[in-house]
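Undergrad: Pasting in a structure now, in structure tokens, and then I'll have a few things to ask.
Quick note: the coordinates plus some simple rules give every number you see, no bench work behind them. Nothing here was measured: the structure is a model prediction, and the numbers come from that model. Here the Cβ positions follow ideal geometry from the backbone for every residue, glycine too, while neighbour counts run over all protein chains shown.
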Amino acid sequence: MSDATTVITTSEEQTRALGAFLGTQVRPGDVILLHGDLGAGKTTLTQGMLQTLGVGESVNSPTFILVAEHAGRLPSGDEILIRHADLYRITGEEQLDSFGYFDLIDDPEGLLIVEWPERAGAHLPGRFILVTLEFAGENTRRIILDDRSGRDQPIHLPS
Ligand code: ADP
Ligand code: MG
């Protein structure tokens, strides 16, 4: 089942707040794919999510290390291991295996956030939450969430 909602943000802070909301909705095993051009706000959205999940350290795109790991905590109090991957610099799908990508997309316990998921070609998990970020002006972004996670109550962005 697929279900998409859209919101417009007009500042970095609003996108971070949207990420903070998303952080309240995640569950173990979720894979969040962040699709959008450079500067669209993928990392900003991630920062908001990680803030909700109690990750204190500042978070940038893990562009040079591909995957950053953070120990987080769900609103329920349960601990969750969060992996934040940025596939921008991978040069071919054969590189995916070298950093354990196939294990990461198949971990029922953790949370995986992926920037530039299109670099993985067809190697996407069967279920995911797709967030597309589009430029709609210098400080304006159109953010579309398509929940293909299969949960009973799909995530809807607050309007
Ligand atoms: P990405 O990870 O997609 O490359 P970043 O989140 O690192 O993008 O950067 C987004 C940039 O766009 C930041 O410089 C931020 O200040 C700016 N920006 C302007 N308006 C917005 C907005 N509405 N939402 C998110 N970022 C915005
Ligand atoms: Mg980024």
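Undergrad: Among 22, 45, 96, which comes first, second and so on when ranked by fewest other beta-carbon atoms within 10 Å?
TA: Fewest-to-most Cβ neighbours within 10 Å comes out as 96, 22, 45.
Undergrad: Name the residue from 14, 124, 96 whose Cα lies farthest towards the positive end of the charge dipole of the chain, charges +1 on Cβ of Lys and Arg and -1 on Cβ of Asp and Glu.
TA: 14
Undergrad: For the residues 11, 76, 149, what sequence is obtained by ranking on other C-beta atoms within 10 Å, fewest first?
TA: 76, 11, 149
Undergrad: What FRET efficiency do you get for residue 38 and residue 156 if R0 is 25 Å and r is their Cβ-Cβ distance, rounded to the nearest 0.05?
TA: The formula returns an efficiency of 0.35 here.
Undergrad: Under unit Cβ charges (Lys, Arg +1; Asp, Glu -1), what dipole magnitude, rounded to 20 debye, does the chain have relative to its Cα centre?
TA: 360 debye
Undergrad: OK, next. Rounded to the nearest 500, what is the chain's calculated 222 nm mean residue ellipticity when only DSSP H runs of at least 4 contribute -39500 (n - 2.57) each, over all residues?
TA: -5500 deg cm²/dmol
Undergrad: Where nothing but the Cβ of Lys and Arg (+1) and of Asp and Glu (-1) is charged, how large is the charge dipole of the range 80-159 around its Cα centre, in debye to the nearest 20?
TA: That gives the range 80-159 a dipole magnitude of about 280 debye.
Undergrad: Moving on. Report the residue, chosen from 103, 147, 86, that carries the largest GNM mean-square fluctuation when the chain is represented by alpha-carbon nodes joined by springs under 10 Å.
TA: Highest fluctuation among the options: 103.
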